[in-house]
Amino acid sequence: MLRTPLFLLLLASLAACSYNKTPPTWAEKAPFINQMEINAVDKEARELLRKTSKLNAGATASHTIKLAAGKHYAFFADCADECSNIDLALQQDGATLKADTAADASPMFGFYAAQAGSYQLVPLMTSCVSADKKGCKYTVQVFESERQLIAD
């Protein structure tokens, strides 16, 4: 007899927890969408980097990634709902090799690495309205493949 009330209490508490959970932000959902899009082009493509962090408006970050010669890469950035514009650049030794600076919250581009080396993926938070003043959440992703993933 005691099992039924305990089970109902547990069920009610689980329902309350799931009801109070905040819905995921775009920065949390987008990486899964990006991965599905890449897998639709090449099921063998592998994710080299997925990094989530925060930036204030006007701030940049640098994420180092090693690229292999003769491989194709896809680069993504996505920012949370309070962000309306983030830019993304691929740099090596301070020089920008490729960038997406369109006024949107989901920049992306493809890149063919002619030479192996250490590169920097640089997001720039162009627009961010953060209620907690700690910045806007963003995610960067890098995929590697034997074939072109994003047409230029």
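The values are calculated or read from the model by the stated rules, or taken from the named source; none is laboratory data. Worth saying up front: this structure is predicted, and the values here are computed from it rather than measured. Every residue, glycine as well, gets a Cβ built from its backbone with ideal geometry; the counts of neighbours run over all protein chains shown. The area values use the complete protein model at the heavy-atom level, side chains included, leaving out ligands, DNA and RNA. Shrake-Rupley method; radii C 1.70, N 1.55, O 1.52, S 1.80 Å.
Points worth noting:
- Residues located in the stretch 95-119, provided they are in contact with a helix residue (DSSP H, G or I) (Cβ under 9 Å, 6 or more places away or on another chain) and open to solvent by less than 50 Å² (accessible area, probe 1.4 Å): 105, 106
- Within the stretch 107-117, at least one residue is without any contact (Cβ under 8 Å) to a residue 40 or more places away in the chain, touching a Ser or Thr at 6+ places or on another chain (Cβ under 9 Å) and closer than 18 Å to residue 27 by Cα.
- Positions within the stretch 51-81 being open to solvent by 40 Å² or more (accessible area, probe 1.4 Å) and touching a helix residue (DSSP H, G or I) at 6+ places or on another chain (Cβ under 6 Å), in sequence order: 81
- The stretch 1-50: number of residues that are surrounded by fewer than 10 Cβ atoms within 10 Å (Cβ to Cβ), modelled with pLDDT under 95 and basic (Lys, Arg): 2
- Flag if residue 145 is small (Gly, Ala, Ser) and touching a Cys at 6+ places or on another chain (Cβ under 9 Å): no
Quick grid of which residues meet (1) crowded, with 21+ Cβ neighbours inside 10 Å; (2) in contact (Cβ under 8 Å) with a residue 24 or more places away in the chain:
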position: 83; (1), (2): yes, yes
position: 93; (1), (2): no, no
position: 121; (1), (2): yes, yes
position: 124; (1), (2): no, yes
position: 136; (1), (2): yes, yes
position: 140; (1), (2): yes, yes
